[in-house]
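Let me begin by presenting the structure, written as structure tokens, before commenting on it.
The values are calculated or read from the model by the stated rules, or taken from the named source; none is laboratory data. Here the structure is a predicted model, which is why all the values come from computation and not from measurement. Here the Cβ positions follow ideal geometry from the backbone for every residue, glycine too, while neighbour counts run over all protein chains shown.
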Amino acid sequence: MARLPQVGGCMCGALRYEVSAPPLMIYNCHCTNCQKIGGTAFNTSVIVTEASLRFTRGEPARVEWAADSGSTRCGLFCGKCGSRIVNGGKPSTGVYSLRAGTLDDTSWVQPVGDTYTRSAQPWVRFMEGGLRAETLPEDFGVFIAAYRAQGRF
């Protein structure tokens, strides 16, 4: 079972954070924005409340862009090494999509499914029994319920 707070940071160590509340859900996002931002096939998103995330070392730099969904998104990253820490909405949606790979301990991270499967790379194999959505789900209730059922916290 995972413990709080969860801590993490950027590649160079200049930006550190802690998360004081359990995630709402975890899933893999295959949107083209996540592919470009990470330079890889998908991102494992750990959804946390904005209120639960606190930077403990350094100040994040910020970038904004138009997402595949058409909404304006923002990203917080290390201005020294460029590591992306979180993405969020603009205006604020109250939640951040924390990039799972920035956590110091990822042993407890288990996605419940995949979003934006329509833009997934053709060689990606989805989790057996995992949830799937061709785009961004209108209602994440099923993803949240599946994550809670894992009992990680």
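Summed over segment 112-131, residues that are β-branched (Val, Ile, Thr) and not in a loop (DSSP other than H, G, I, E, B) total 2. Does segment 90-104 contain any residue that is buried (at least 16 other Cβ atoms within 10 Å of the Cβ), modelled with pLDDT of 95 or more and of a type in the set (Val, Ile, Thr)? Scanning segment 90-104 turns up at least one residue that is buried (at least 16 other Cβ atoms within 10 Å of the Cβ), modelled with pLDDT of 95 or more and of a type in the set (Val, Ile, Thr). VAL86 falls short on exactly one of the conditions (1) within 26 Å of ARG152 (Cα to Cα); (2) out of contact with any strand residue (DSSP E or B) (no Cβ under 8 Å at 6 or more places or on another chain), and that condition is (2). Against the test of being small (Gly, Ala, Ser) and over 29 Å from TRP123 (Cβ atoms), the options GLY39, GLY101, GLY79 yield a single qualifying residue, GLY79. Counting only residues that are in contact (Cβ under 8 Å) with a residue 60 or more places away in the chain and touching a helix residue (DSSP H, G or I) at 6+ places or on another chain (Cβ under 8 Å), segment 18-44 holds 13 of them. I'd like the residue in segment 105-123 that is β-branched (Val, Ile, Thr) and touching a strand residue (DSSP E or B) at 6+ places or on another chain (Cβ under 8 Å) and, out of all such residues, is surrounded by the fewest Cβ atoms within 10 Å (Cβ to Cβ). Looking at residues that are β-branched (Val, Ile, Thr) and touching a strand residue (DSSP E or B) at 6+ places or on another chain (Cβ under 8 Å), I get VAL109. Scanning segment 132-153 for residues that are in contact (Cβ under 8 Å) with a residue 12 or more places away in the chain and part of a loop (DSSP other than H, G, I, E, B) gives ALA133, GLU134, THR135, LEU136, PRO137, PHE140, GLY151, ARG152, PHE153.
Look at segment 78-100: where a residue is touching a residue at least 12 places away in the same chain (Cβ under 8 Å) and within 17 Å of ALA21 (Cβ to Cβ) and a partner is of a type in the set (Lys, Arg) and in a strand (DSSP E or B), sitting 6+ places away or on another chain with Cβ atoms under 8 Å, you get ILE85/ARG99; VAL86/ARG99; GLY88/ARG73. Please go through segment 38-56 and pick out each residue that is more than 15 Å from GLY94 (Cα to Cα) and either in contact with a His (Cβ under 8 Å, 6 or more places away or on another chain) or surrounded by fewer than 19 Cβ atoms within 10 Å (Cβ to Cβ) (or both). Matches in segment 38-56: GLY38, GLY39, THR40, ALA41, PHE42, PHE55, THR56.
Return yes or no: is ILE26 within 21 Å of PRO137 (Cα to Cα) and surrounded by fewer than 21 Cβ atoms within 10 Å (Cβ to Cβ)?
no
Summed over segment 124-140, residues that are within 19 Å of LEU24 (Cβ to Cβ) and loosely packed, with under 10 Cβ neighbours inside 10 Å total 2.
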